[in-house]
Amino acid sequence: MKLNAVEIQQIIGYHPPLCLLDRVISLELDDFLIATASISINEPFFKGHFPDNPVMPGVLIVESMVQGAQILFKNKFPKLQLKKIKKARFKKMVKPGDELVMKLKVLDLDNKICDAKVYVNDEVACSSELVFS
């Protein structure tokens, strides 16, 4: 299943600038998701983070993974809340012009745990296990 930005907004209930995802490329509900987000110099967070060296804040990278998980689990758990971020690793800075490719895989459906990775140019920029309630 593929989703565009408008369909994503309808599912997660966020609108720009809070909706961080642009497309869902591949989706198998309760199994895996691949989504993208294009990062523009016009993003509001770049004004203060940091003016001479714009970098996407790590918390927003994690939030993009959480939004992906909300889509991934939407049929079984429509009111998903982030409970815990485990094993978070930030390996590459996300800069204006980058495209994030998020890959989420369900590790434990009953306990709402997924493995999440964000790639930039085929390199892992961030990885984490996300636990939801």
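For the reader, a short list of remarks on this structure follows.
- Helical contribution to [θ] at 222 nm, DSSP H n ≥ 4, -39,500 (n - 2.57), averaged over the chain, rounded to 500: -5500 deg cm²/dmol
- The ranking of Ile113, Ile41 by Cβ neighbour count inside 10 Å, starting from the fewest, reads Ile41, Ile113.
- Over all projection directions, the Cα-based convex hull of the range 1-77 averages an area of 5.1 nm².
- For the chain, the percent of C-alpha pairs falling in each 10 Å distance bin, counted from 0 to the bin holding the largest distance, reads 13, 47, 34, 6, 0.
- Range of Cα positions in the range 87-133 per principal axis (Å), largest first: 37, 16, 15
- Exposure proxy order (Cβ contacts within 10 Å, fewest to most) of Met93, Met1, Met65: Met1, Met93, Met65
Any read-out appearing in this document is the output of simple, stated calculations on the displayed coordinates, not a laboratory observation. On a predicted model such as this, the values are computed, not experimentally measured, just so you know. Glycine also receives a Cβ, built like all others from the backbone with ideal geometry; neighbour counts cover every protein chain displayed.
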